[in-house]
Amino acid sequence: MLPKALTALLIPLLDFFLDKAEQHPSYEEQLKPSLQFELRHEHAVSPSAHVVFSDAPAARTAFQASYALRATNITSYKPPSLGAFSNARTRSMRDSQSVHLQWEEQEILGPDVESRETLLELAKMTNNAYVARDDPAWYELNEQWIKHYPVGWEPDADGFRGYVFATPDNSTIVLSIKGTSSAIFSGGGPTAKKDKLNDNLLFSCCCARIDWTWTTVCGCYRGGWKCDQNCLEDALIEDSLFYPIGTNLYNNLTYMYPTSNIWIIGHSLGGALSSLLGVTFGVPVVAFESPGEKTASRRLHLPAPPSTQHITHVYHTADPIAMGTCNGILSSCALGGYALETRCHLGKSIVYDTVSNLSWSVDIRTHGIVNVIENILKEPWQPSLEVGREVPPAEAEQECVECYGWEFGDFPP
């Protein structure tokens, strides 16, 4: 046994070094770069369906913000060109032919989704896509954030909108996309009508056909749980869908920042649209509380890359929308006029089990991004800490099935 005097000396020293080990990140974590971002642009869709950018002017001097996100190298796949991607889609839609694309594997810098702080700040950015800069609901990302005045968010701007953030050297751009604005999800507003249309087109099994009392968003229902597949796909590709507006927006961004690395983030509908753009352009995506968008990607005939692991979904088990359980004529979604029936996600998912660990009840009111920020990401997640992690592991969803009661095929009217 050690002498008591030596033991008394060693114990405090061991405690000191153990505390230091807990406080400091590992060598591997220290190697991950930290990127600084500032608000650069606001984007919105005008009543004439044109994407409009407006600069967010600095209050004093440029690049004052010290907003940091942890980044890491990830693998993604880009199509050889947008023309080749579009041609493959056209061949699939018109001739039901599968075209083999020479996907370009690339190592790019993406958000470190294993970092709670990074997910928290990205979630704040997605929340801010819903509101103008002077709205009390805006999250201040840090004390030195550049002040700006909202442009392009007038009451008659009724479409796809959000913000663009950038690093001071323009090496990395973050595009945030607004999700659904509805009285049952948030405060409603001028975009609510188009948001609902896109929700019901993208996330219903067949044109939002719930029962005979519903007015469907397309004419593809054929009775007896039968749905005309060609009709359904044509409906999704109409210009009223936000997906083509998103591709136009992304192309405008790449024109403005041709050498920049672009990330896309969003909540709910905005997260699903972010994921669809991530498949199209091979860019990193973080989507919060998104309905399942995997079926929509097939119906849109988006060519499938070898992997979609650059897309990360973050959601919790008490959210019936992300979990795909907010369906049926008596569900909260249906009572609000939404047919959110899909549940399968692309890429990988970080799932917080708030039902088991926090005793939350499954409730549509837990769907909001503010709830995720304040009640999940703001504090360390204890179940992850117990296994030496900051967040739950990001994993691909296994054996996901949806719309199993429907028959899809060639059913002429």
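The values are calculated or read from the model by the stated rules, or taken from the named source; none is laboratory data. Note that the coordinates shown come from a computational prediction; the quantities given were computed from them, not determined experimentally. Cβ sites come from the backbone with ideal geometry, for glycine too, and all protein chains shown count toward neighbours.
The table below gives the values:
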| item | result |
| --- | --- |
| Residues within region 330-348 that are more than 19 Å from Leu197 (Cα to Cα) and in contact with a helix residue (DSSP H, G or I) (Cβ under 9 Å, 6 or more places away or on another chain), tallied | 4 |
| Any chance Thr354 is polar (S, T, N, Q) and buried (at least 18 other Cβ atoms within 10 Å of the Cβ) | yes |
| Residue list for region 331-341, filter: part of a loop (DSSP other than H, G, I, E, B), in contact (Cβ under 8 Å) with a residue 40 or more places away in the chain and surrounded by fewer than 24 Cβ atoms within 10 Å (Cβ to Cβ) | Gly336, Gly337 |
| Residue among Ser92, Ser98 that alone is part of a helix (DSSP H, G or I), among the small types (Gly, Ala, Ser) and either surrounded by fewer than 18 Cβ atoms within 10 Å (Cβ to Cβ) or modelled with pLDDT under 90 (or both) | Ser92 |
| Residue that is within 21 Å of Ala123 (Cα to Cα), touching a residue at least 60 places away in the same chain (Cβ under 8 Å) and not in a loop (DSSP other than H, G, I, E, B), where the choices are Val351, Val391, Val355, Val314 | Val314 |
| Condition met for Ala322 (part of a helix (DSSP H, G or I), in contact (Cβ under 8 Å) with a residue 60 or more places away in the chain, surrounded by 21 or more Cβ atoms within 10 Å (Cβ to Cβ) and of a type in the set (A, V, I, L, M, F, W, C)) | no |
| Extreme residue, nearest to Val351 (Cα to Cα), among residues of region 386-409 that are surrounded by fewer than 16 Cβ atoms within 10 Å (Cβ to Cβ) and of a type in the set (Val, Ile, Thr) | Val387 |
| Selection count where residues are under 23 Å from Tyr139 (Cβ atoms), out of contact with any Asp or Glu (no Cβ under 9 Å at 6 or more places or on another chain) and at pLDDT 95 or above, scope region 375-391 | 2 |
| Residues of region 268-309 satisfying the condition of being in a helix (DSSP H, G or I) and either without any contact (Cβ under 8 Å) to a residue 24 or more places away in the chain or among the β-branched types (Val, Ile, Thr) (or both) | Val279, Thr280, Thr295, Arg298 |
| Condition met for Ile376 (assigned to a helix (DSSP H, G or I), closer than 24 Å to Met125 by Cα and free of Cβ contacts under 8 Å to residues at least 60 places away in the same chain) | no |
| Residue that is small (Gly, Ala, Ser), more than 14 Å from the chain's Cα centre (by Cα), surrounded by 17 or more Cβ atoms within 10 Å (Cβ to Cβ) and farther than 23 Å from Gly336 by Cβ, where the choices are Ser307, Ser260, Ser204, Ser297 | Ser297 |
| Which listed residue is touching a residue at least 60 places away in the same chain (Cβ under 8 Å) and either surrounded by fewer than 18 Cβ atoms within 10 Å (Cβ to Cβ) or not in a helix (DSSP H, G or I) (or both), from Pro412, Pro383 | Pro412 |
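Residues are listed down the side, and each one gets a yes or a no for (1) in a loop (DSSP other than H, G, I, E, B); (2) at pLDDT 70 or above; (3) of a type in the set (Ser, Thr, Tyr); (4) surrounded by fewer than 16 Cβ atoms within 10 Å (Cβ to Cβ):
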{"position": "Pro136", "(1), (2), (3), (4)": "yes, yes, no, yes"}
{"position": "Tyr139", "(1), (2), (3), (4)": "yes, yes, yes, no"}
{"position": "Gly159", "(1), (2), (3), (4)": "yes, no, no, no"}
{"position": "Ile173", "(1), (2), (3), (4)": "no, yes, no, no"}
